[in-house]
1. Can you give the net charge of the other residues whose Cβ lies under 14 Å from the Cβ of Cys166, counting K and R as +1 and D and E as -1?
2. Would you mind listing how long region 117-180 runs along its three principal axes, going by Cα atoms, in whole Å with the largest first?
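Coordinate-derived values only; no laboratory data. This is a predicted model, so every value here is computed, not measured. Every residue, glycine as well, gets a Cβ built from its backbone with ideal geometry; the counts of neighbours run over all protein chains shown.
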Amino acid sequence: MILAAPLKLAAALVLAEGEPSKTAFYIVGAVFAAWAVTVSVLGLRSAEFPGTPARARLVMGISIVLALSAVSVAVATSGTPKKKSAAAGAAPASSHAGVTVVMKNIAFVPRTVTVHVGQKVEWINQDSTAHNVTAANGQTFQSPTFGLGGTFSYTPTAPGSIPYVCTIHPNMLATLIVKP
């Protein structure tokens with residue numbers, strides 16, 4: 001089959017290391033855009049383009065294949081990467097594994113999280129704006145300000161309820177509940 005090699009390449013790009021990759025989307029999109037510009041320029045320069053009905057079918061066929069490739073790669077790369085399972089070599093989850101809080105849309109998600117003493121909490125900034133994490137009372141912790149993709153972690157040492165805030169965005173409040 002003529003498309004076997006390009007389809008294998010696209011599949012390899014899309015599923016690089018078992019996770020969706022945006023690289024394939026950009027490559028297919030760039031090829032499709034280049035093809036569209038080329039066909040447009042040729043069509044504007046020559047009244048006879050594409051010439052014969054066979055050439056017209058070829059141009060239309062290539063355009064359709066590129067458009068479908070762009071759409072299928074976009075769909076394949078739009079999902080959230082899946083975490084590796086224990087069978088794939090990742091450590092099995094324990095009841096005291098770390099907890100992640102995401103900073104997104106100027107909010108902590110989730111707003112309330114419950115952990116045990118000694119259980120690590122990690123904050124990840126997924127906002128385009130900078131944030132920090134500061135305990136309002138109770139146990140003390142304060143992160144530096146960090147931007148998109150930045151992280152901060154804290155491991156509580158005593159039980160209690162710890163309200164915390166992003167001091168840059170005072171309405172960005174949440175609570176960490178620490179159990180023994």
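1. +1
2. 36, 20, 14
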